[in-house]
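Reading through the structure tokens given below for one structure.
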Amino acid sequence: VDRFRLVEDDQFLFDFVNPNTTVGVTNGAGGHTVAATSENFPAVVGNGVSMTIGFLGPCGMNSPHTHPRATEINFSINTTLRGGVLVENGARFAEIDIRPGTATVFPQGAIHFEMNPSCEDAMFVAGFNGEDPGVNQVAQRFFGLPPDIVGAALGGLGVQEVANLENFIPDNVIQGVDECLQRCGIERIAQPNSQRQPRVSA
């Protein structure tokens, strides 16, 4: 009751289309996502839920990522999304066509992605069983490790080769696979890359 008293009436409503904050908003060349979590939506605090809406442009992809503190249920609004999930070492890769009006589950901590393989804009709703699910974008975070460690993990690449590779890691939401871009007549552009993990020296 005391916590409820602290939340103003207008804090029970979250606008995903025109959010009044940049917290929880991720922008890239392939679209954007807007997350309502305990970080920017006081009404969810103590209620164990949160939500993200994905706005994917043609061929846009929410790049492979994990949620360290919550399981996700992902619902496609208006087009069939290409989804995929890797739960852990030794598990098989599961690829799912998330048709409009259907949903799939991405278990807590599992690497997964959602891609719009169509030439039209797409939307999805992602619900979480935690008010602070967290997100860990795999490629963007991996290159934040010391470059000699990254190089060793990639089969013995040199530090400079790692630095060169890192320059190609785009900000989420990214442009998707070449087949889709070619089919939709979209040119792959130089994507922004400011979301990369700050470099750790070797």
Inside segment 88-118, can you point out the residues that are under 22 Å from residue 30 (Cβ atoms), in a strand (DSSP E or B) and in contact with a strand residue (DSSP E or B) (Cβ under 6 Å, 6 or more places away or on another chain)? 95, 96, 98, 103, 104, 106, 111, 112, 113, 114, 115
Hits in segment 112-126 - residues which are buried (at least 17 other Cβ atoms within 10 Å of the Cβ) and either more than 10 Å from residue 76 (Cβ to Cβ) or free of Cβ contacts under 8 Å to residues at least 24 places away in the same chain (or both): 112, 113, 115, 117, 118, 126
Regarding residue 175, is this residue surrounded by 15 or more Cβ atoms within 10 Å (Cβ to Cβ), in contact (Cβ under 8 Å) with a residue 12 or more places away in the chain, touching a Ser or Thr at 6+ places or on another chain (Cβ under 9 Å) and polar (S, T, N, Q)? no
Could you tell me whether segment 127-136 includes any residue that is acidic (Asp, Glu), over 17 Å from the mean Cα position of the chain (by Cα) and surrounded by fewer than 21 Cβ atoms within 10 Å (Cβ to Cβ)? no
Among the candidates 34, 17, 44, single out the residue that is touching a Pro at 6+ places or on another chain (Cβ under 6 Å) and of a type outside the set (S, T, N, Q). 34
Reported set for segment 41-55 where residues are touching a residue at least 40 places away in the same chain (Cβ under 8 Å) and under 17 Å from residue 19 (Cβ atoms) is 44, 50, 51, 52, 53, 54, 55
Return the residues of segment 1-52 that are charged (D, E, K, R) and modelled with pLDDT of 95 or more; say none if nothing qualifies. 15, 39
Of the conditions (1) surrounded by 14 or more Cβ atoms within 10 Å (Cβ to Cβ); (2) on the phi > 0 side of the Ramachandran plot, residue 185 clears all except one; give me its number. (1)
So, in segment 84-105, of the ones that are in contact with a Ser or Thr (Cβ under 6 Å, 6 or more places away or on another chain) and not β-branched (Val, Ile, Thr), which residue ends up surrounded by the most Cβ atoms within 10 Å (Cβ to Cβ)? 100
Answer yes or no: is there a residue in segment 6-27 that is touching a Gly at 6+ places or on another chain (Cβ under 9 Å) and touching a residue at least 60 places away in the same chain (Cβ under 8 Å). no
Which of the residues that make up segment 135-160 are over 16 Å from residue 63 (Cβ atoms) and either of a type in the set (A, V, I, L, M, F, W, C) or out of contact with any helix residue (DSSP H, G or I) (no Cβ under 7 Å at 6 or more places or on another chain) (or both)? 145, 146, 149, 150, 152, 153, 154, 155, 156, 157, 159, 160
Residue satisfying condition, being of a type outside the set (D, E, K, R), over 12 Å from residue 73 (Cα atoms) and in contact (Cβ under 8 Å) with a residue 40 or more places away in the chain, within set 144, 130: 144
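The values are calculated or read from the model by the stated rules, or taken from the named source; none is laboratory data. All figures in this text were calculated on a predicted structure; none of them were measured in a lab. Please note: Cβ atoms are built from the backbone with ideal geometry, for glycine as well, and neighbour counts cover all protein chains shown.
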